[in-house]
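A quick write-up on the structure given underneath.
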Amino acid sequence: MQQQISVVTLGTTDLTRSRKFYVEGFGWKPVFENPEIIFYQMNGFVLGTFLKRALEQDMGRIGLVVPGAFSLAHNVPTQEDVPTAMRRLVLAGGSVIREADAPPHGGFRGYVSDPDDHAWEIAWNPAWTIDERGMVTFGL
């Protein structure tokens, strides 16, 4: 099987509030939206924000869709970009989970939740490269 992710879908209780976080906070542009879902074209995959009740219905799991322990990550080009991006996300409706600092494994990161409590790590890693298209390459 090919090693890739096609779509990451996040359940939301308020699509308008969620849209503000992703459009004003990250500066992303929707490529499709209707009253139940918004899709954002990412680098090699699509991010979807789907009304939780509609996602539950689509999955056939009414009242059972709850997230596991995970975080999504958004890497930035410089260490100084981490707190700047975090402030912008908070202004767009996010909440700080953990202030930016240097973890023992290196780099610099902080955590912000979107309006539906999905955790986003905002990170800079000096060993990882980000090309002009925003593609991140793992490196040591």
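No value in this document is a laboratory result; all are computed from the given coordinates. Because the structure is a prediction, the values reported are computed rather than measured. Glycine gets a Cβ as well: all are built from the backbone with ideal geometry, and neighbour counts include every protein chain shown.
For the chain, what log10 I(q)/I(0) values come out of the Debye formula at q = 0.17, 0.20 1/Å, with one point per alpha carbon and no solvent?
Ignoring solvent entirely, the Cα scatterers give -1.01, -1.31.
On a 0 to 90 degree scale, rounded to 10, what angle separates helix 81-91 from the longest Cα axis of the chain?
The answer is roughly 30 degrees.
Quote the relative contact order of the chain in percent (integer), defining contacts as alpha-carbon pairs under 8 Å separated by 6+ residues. Working shown, then result.
Values: 249 pairs, mean separation 31.0, N = 140.
Result for the chain is 22 percent.
Give a residue-ordered list of calculated ³J(HN,Hα) values for the stretch 122-137 (Karplus: 6.51 cos²θ - 1.76 cosθ + 1.60, θ = phi - 60°; whole Hz; x for Gly, Pro).
Per residue, the Karplus-derived 3J(HN,Hα) values read 9, 9, 10, 10, x, 8, 9, 9, 10, 7, 5, 8, x, 6, 9, 10 Hz.
Please list, in chain and number order, the residues 5+ apart from VAL76 or on another chain whose amide H is under 5 Å from its amide H, with Hs placed from the backbone.
Long-range HN contacts for VAL76: ALA123, TRP124, ASN125.
For a test of the definition: using alpha carbon positions, the gyration tensor, and the 1.5 limit on a/c, classify the stretch 81-140 as rounded, prolate or oblate. Don't skip to the answer; put the middle values down first.
Numbers: a/c = 2.25, a/b = 1.56, b/c = 1.45.
Prolate, because a/c is 1.5 or more and a/b exceeds b/c.
Considering only the other residues whose Cβ falls under 14 Å of the Cβ of PHE70, what net charge follows from Lys and Arg at +1 and Asp and Glu at -1? Intermediate values should be presented prior to the final figure.
Working: positive: none; negative: ASP114, ASP116, ASP117, GLU121.
With Lys, Arg at +1 and Asp, Glu at -1, the net is -4.
Considering only DSSP beta bridges with both partners in the stretch 1-135, what is the antiparallel share in %, to the nearest 5?
Details: 18 of 28 bridges.
Looking only at bridges with both residues in the stretch 1-135, the antiparallel portion is about 65 percent.
Mean separation of Cα pairs under 8 Å and 6+ residues apart, divided by the residue count of the stretch 3-49: what relative contact order is that in percent? Please list the in-between numbers first.
Numbers: 58 pairs, mean separation 20.8, N = 47.
Averaging sequence separation for qualifying contacts and normalising by length gives 44 percent for the stretch 3-49.
Could you state the number of Å between the C-alpha centres of the stretch 1-57 and the stretch 92-140?
19 Å
Describe numerically, in nm with one decimal, the distance between label points set 7 Å from Cα along Cα→Cβ at LYS29 and at MET59.
3.1 nm
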